[in-house]
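Bear in mind that the values in this text are calculations on the coordinates, not laboratory data. Computed from a prediction, not measured in an experiment: that's the story for all the values here. Using ideal geometry, Cβ is built from the backbone for each residue, glycine included, and neighbour counts are taken over all protein chains shown.
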Amino acid sequence: MNALQQAEIIEKYLKDSLSQEERQAFEAQMAENPDLSQAMAQQAHLLKIFQQQARRQQWLAQMEAVHQQLEQENLLKPYRPKPWAMFWQQHRQTIRIVAVVSFLVMSFTWVLWQSIGLFGGYSAKQVAYQELRREEPSNQKNTKKDASATKSAKAETKDEAQQTTQPKKEQLPAFVVGKPRATAFVINPQGYWLTTYHAIRDAKQLVLANPASQKRFKVVIAYANEEEDVALLQVQDSSFVPFEPIPYAFRTQTAALGEAVYTLAYPQQAIVYGEGALSAQVGFEGSPQSYQISIPVNPGNSGSPLIDAQGNVLGMIQAKDQQLDGVAFALKSSQIREILAQMPQQKNLPQLLLPQVSLMYWLARTQQVKIWEKWVWMVEIEK
C-alpha cells in the first residue's frame, strides 16, 4: 500500500471503524512490519496532540464567553494601565525602529568579521578544521597497559591454583560506564545508529553504551562514507530487543540563520548538554551540505545530533574550528537523508525508514532533553 492508503487505514483503525476481519488483518501486518507499527504510533500520538489542542481552544472559548458576560453585567473593574505600559503604547514605534537598526548593525558587523577579519585578523582561509574524536592520552595508555599486565599476572596465578574446564562465554559485562571516544544516536528502532566515520575508522570492536537505559550492545559498521564522514552502525548482539517508536523526526527544511539549536553528546563519561544558534547556513569552506553553529564542542562530540527547538534532528556534529572558540560544523539532516537513500544501492542493506513525526513538538526543552538521553549513546572503541 502507498503512503496515502496507509494513512487512511491507520485513521480508520484509530477511530475503530474497521470491521473485525480488517482490524485483525491490520494488526497482523503491524506485527510483521515494525515500520508500519512505528507509523501507527506516530499518527496516534499526533491525533492525541490535535485533540488536546481542540480541548484547549474549547476552554478558551468558554473563558471568553464568561469574560463577555461579566463585562455586560459590569462586574469587571476598569483597567488602569501601569506607567511602563503607557510608555510602551506611546513610544513603541520608536523602540521598534531602534531595535531594527541595532539588529542590522550587529548583523553587518558579524558579516565583516566573517569576511575580512574585523576582530583579530580572522579570515576564512585561516579556519582550521578539527575532527572531534576523543583520543586517550599516551600516559593513560601506558597506565592502562601496566594495569592490564598486573591483572593478567593475577589471573594466571589464579588459573594455576583453580583450573576450570568450563567454556568461556562471549558476552558483555554488567553495565559499566566506559571511556567514550565519540557519540552516536538511534535512527531506526531495529538497531541502527548514526555517527561519524573518522571516529570509528580504525576500530577493531565497537560497543555502544547508554547510561540512561543502562544498556550496552556490540555493533558493527554496516555502511561507511568516508567522503561525507558518515557511518551507519548496526547492532550485533543477541540481547538486543527492538526499541519503541522513535520520538523525533529528521527535519526536511533548511534552518534559519540565528535559529536556536542544541546538542547532547559524550565528551566525557556523563552526557553533556550544549546550546547555541545557527550562525551560517553553510559549513567549512562554504560547504552547502553543512551548517556552521555557535556551540562549544569538544573531542567526543563527534556524531552527536544537532537538535532544533521542536526536538527534530537538524544535523550531526562532525568537527570544530581549531582557532575560534564556539565554532562547530554539522552535516545537514537533508544530506543525511540523501546519503541513506543511496545506501541500499551501494550495500546489500534494507531501505531504512527514518522517523517523520516529532512527538516532542509541544514539550519544554528540559522535557525534550530527558527523552533524548535514551536515544544518544556513547561509542567505545577497541583498536
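Numbers at a glance
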item: Overall form of the range 318-365 per C-alpha gyration tensor (a/c, 1.5; a/b vs b/c); result: oblate
item: Convex hull of Cα atoms in the range 3-72, direction-averaged projection (nm²); result: 6.0 nm²
item: For the range 245-288: rounded, prolate or oblate by the Cα gyration tensor [a/c cutoff 1.5]; result: oblate
item: Peptide ranges 373-381, 258-266, 245-253 listed from the most packed, as the mean C-beta count within 10 angstrom indicates; result: 373-381, 258-266, 245-253
item: Integer Hz, Karplus 6.51/-1.76/1.60 couplings in order for the range 17-33, x for Gly and Pro; result: 10, 8, 6, 4, 5, 5, 5, 5, 5, 5, 5, 5, 5, 5, 5, 8, 10
item: Order by protection proxy (mean Cβ within 10 Å, highest first), peptides 274-287, 11-24, 92-105; result: 274-287, 11-24, 92-105
item: Semi-axis lengths, Å, the range 273-317, gyration tensor of Cα atoms, sqrt of 5 times eigenvalues; result: 16, 13, 10
item: Highest-first arrangement of 199-205, 353-359, where packing means the average Cβ count within 10 Å; result: 353-359, 199-205
item: Shape call, the range 268-383: gyration tensor on alpha carbons, a/c limit 1.5; result: rounded
